[in-house]
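No value in this document is a laboratory result; all are computed from the given coordinates. Keep in mind the model is a prediction, meaning the values are calculated, not measured. We place every Cβ from the backbone using ideal geometry, glycine too, and count neighbours over all the protein chains shown.
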C-alpha cells in the first residue's frame, strides 16, 4: 500500500494483525487489519459490529452500510459513519471489509469531519493501492 512520506507506521490496537498509518499533522489514520480465517460475509460482519459500536460512542450516524464490488473474487462491504469522540471532535470513518480466499481484511479510514472532503483523493490512493494477500 502506498502511503504519504512522513506518515508514521505503527502497531495498531487489537492484536498483531493491525497496523496503523498515521498523519502526524492532522491525526487522520488508516488502520489495516487482517485475520487468517474470516466469516463468509463482510456486510454481515459490519452489521454485527455496528450494533455494539452504536452503544459505545456519542452522536453516531450511519452514512451507509452496503456491499461494494471488490473485484478479483473479493467479497467486500463499506460501512461509513460519523460519531463524536470523547474529546468532542466529530470524526468521519469509512471501514471497508474485504474477504478473499477465506482471509479477512479491514481498511479503517478515520479523519475529522471537517477534513473528510479534502481527504478524498488521499483516501482513494490508500484504498486503491492496498493489495490483499493471495
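Mean sequence separation of contacting Cα pairs (under 8 Å, at least six apart), scaled by the length of the chain, corresponds to a relative contact order of 24 percent.
Run the helix sum for the chain: -39,500 (n - 2.57) per DSSP H stretch of 4+ residues, divided by residue count, reported at 222 nm to the nearest 500 deg cm²/dmol.
On the way: 2 runs with 25 residues, N = 134.
Counting only the DSSP helices, I get -6000 deg cm²/dmol.
Cβ crowding within 10 Å, taken as a proxy for footprinting-reagent exposure, orders 5, 111, 129 from fewest neighbours to most as 5, 129, 111. For residue 87 and residue 64, a Förster radius of 30 Å and the Cβ-Cβ distance give a FRET efficiency of 0.70, rounded to the nearest 0.05.
Computing Kirkwood radius over Cα pairs in Å directly from the structure and comparing it against (1) 14.9; (2) 15.3; (3) 15.9 singles out (2). A crude spin-label estimate for the pair residue 118 and residue 26, with each label 7 Å from Cα along the Cβ direction, gives 0.7 nm. Model label sites at residue 128 and residue 44, defined 7 Å from Cα along the beta-carbon direction, differ in position by 3.3 nm.
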